[in-house]
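Okay, structure first, notes after.
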Amino acid sequence: MISVLTSSWALLLGMMLLMVGNGLQGTLLGVRGAIEGFGTFEMSVVMSAYFLGFLGGSRMTPEMIRRVGHVRVFAALASFISAVLILYPAMPNSLAWIFGRVIIGFCFSGVYVTAESWLNNSASNENRGQALSLYMIVQMVGIVSAQGLLVLADPSGYILFVISSVLVSISFAPILLSISPTPAFDSTKPMSLRELLHISPLGVIGMFLLGGVFSAQFGMAPVYGAEAGLSIGEISAFVSAFYIGALVVQYPLGWMSDRMDRRLLIMAAAAIGGAGAILAMIMGGYFIALLVAAFLIGGMSNPLYSLLIAHTNDFLEYDDMAAASGGMVFINGLGAISGPIITGWIMALFGPPGFFLFIGILMLILTGYAAYRMTQRSAPSVDDTGSYAMIYPTASHVAVELAQEYAIEEAQAEEELAEAEQS
């Protein structure tokens, strides 16, 4: 752990500041949209635009890096992010915000790809798992910390947007000024969706559904809070509860996933998340119930991302895992684009509880489909399954490939140990 901090502290510090800025702007827009009088569906399109840009950035950034290098891509995207964050309050128009969110999503995706390339380059076989875990924890800590900043100033003014822009600008200093060498960049060609669906139907369908769940909670939770009449402090706590749940539950679920049929755990996690959504619909008038529901939904949906990747890996050869990771991220991105829009449409029909209705429906569909898949083929032996690697939906395909490398190394180490014990 110390070696990881020594070699990657600048990257981890920069990414935490970056996530604080990103987490703040996402929640702030949901609150500010209500102040500006934007309708629920308008805000859903604004929030969805981020994921459209994110998906586009993940596809285009590798070529940009190959043409001009990591540092130039990093610096250019940082400039666009800071500029758009300042322009949001100056241009309170839904079309301008949609365009800005596409740019923000594109740029953040590119930044993640670049930063995660550096992380992968600095990690060794011995500390790859620790580096990945620290990176994921830093991301969640940054998002949770961002929610506390929401109460520092009036969201109807400029100050919070300025703070977000400054945090993003500062975040690049420790990374760009560090002495870490620029890594070579190589991107694996994604496996076709048809192949992935044939290999792991539950992995593909689950990833698509989970994209909708995650984008709804990441993009529409603050919109729900504003529509439900929560105070700024309550919105901050409500959004934080999703990510606190992710931090707390990730490791226990990961530990269990290496010791049982992962489909059973996927089914149970989705059912608990769905139950949390039902709880919020029934008892949404009680703020404590909302916090519990957010904790359950976030605590189940975020680890489900890692669980679905690990489950898919159980049916892949080592050489195919990296290619599969790109396809899985793309599928999740497709689900994420539609999530906020459908959520906004349901909220327009049924009011704020439509936010939890959408999440509950997706979680229960995933529960039922996991149960169905358990009847279609037997589970691989626990001894033959790969290792669980912690990864969150906020990461790019580069981090997912890093997680795949870690899973392969762990599986190979276990095979070597088993062979040594037999001989």
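Before moving on, here are some points about what is shown:
- The condition (being surrounded by fewer than 17 Cβ atoms within 10 Å (Cβ to Cβ) and either part of a loop (DSSP other than H, G, I, E, B) or modelled with pLDDT of 90 or more (or both)) is satisfied by just one residue among Ile244, Ile179, Ile235, Ile205: Ile179.
- Matching residues, region 276-297, being free of Cβ contacts under 8 Å to residues at least 40 places away in the same chain, out of contact with any Leu (no Cβ under 7 Å at 6 or more places or on another chain) and either under 21 Å from Leu247 (Cα atoms) or part of a helix (DSSP H, G or I) (or both): Leu279, Ile282, Met283, Ile288
- From Leu304, Leu296, residue being under 17 Å from the mean Cα position of the chain (by Cα), within 19 Å of Pro201 (Cβ to Cβ) and either acidic (Asp, Glu) or crowded, with 21+ Cβ neighbours inside 10 Å (or both): Leu304
- Met328 being buried (at least 24 other Cβ atoms within 10 Å of the Cβ), touching a Gly at 6+ places or on another chain (Cβ under 8 Å), over 22 Å from Phe242 (Cα atoms) and not charged (D, E, K, R): yes
- Restricting attention to region 182-200 and to residues that are in a loop (DSSP other than H, G, I, E, B) and within 17 Å of Leu334 (Cα to Cα), the residue that is modelled with the lowest pLDDT turns out to be Pro190.
- In region 23-48, the residues that are charged (D, E, K, R) reach residues that are not in a loop (DSSP other than H, G, I, E, B) with C-beta atoms within less than 8 angstrom, at least six apart or across chains, in these pairs: Arg32/Tyr88; Arg32/Pro89; Glu42/Gly33; Glu42/Ser94; Glu42/Gly344.
- Residue in region 153-166 that is at pLDDT below 90, part of a helix (DSSP H, G or I), buried (at least 22 other Cβ atoms within 10 Å of the Cβ) and not polar (S, T, N, Q) present: no
- One residue alone among Glu126, Glu116 is part of a helix (DSSP H, G or I), in contact with a helix residue (DSSP H, G or I) (Cβ under 9 Å, 6 or more places away or on another chain), of a type in the set (D, E, K, R) and at pLDDT below 90, and that residue is Glu116.
- Residues considered: Gly351, Gly386. Of these, the only one that is at pLDDT 90 or above and under 27 Å from the mean Cα position of the chain (by Cα) is Gly351.
- Of all the numbered requirements in (1) at pLDDT 80 or above; (2) touching a Phe, Trp or Tyr at 6+ places or on another chain (Cβ under 6 Å), Trp97 misses one, and that requirement is (2).
- Some residue of region 52-64 being in a helix (DSSP H, G or I), of a type outside the set (A, V, I, L, M) and more than 24 Å from Ser306 (Cα to Cα): yes
- Residue match in region 66-85 (condition: crowded, with 22+ Cβ neighbours inside 10 Å, within 23 Å of Val166 (Cβ to Cβ), under 18 Å from the mean Cα position of the chain (by Cα) and at pLDDT below 85): no
- From Thr61, Thr40, Thr27, residue being under 17 Å from Gly219 (Cα atoms), of a type in the set (Ser, Thr, Tyr), surrounded by 16 or more Cβ atoms within 10 Å (Cβ to Cβ) and out of contact with any Leu (no Cβ under 8 Å at 6 or more places or on another chain): Thr40
The values are calculated or read from the model by the stated rules, or taken from the named source; none is laboratory data. The shown structure was predicted, so the numbers you read here are calculated from the model rather than taken from an experiment. Virtual Cβ from ideal backbone geometry, glycine too; neighbours counted across all protein chains shown.
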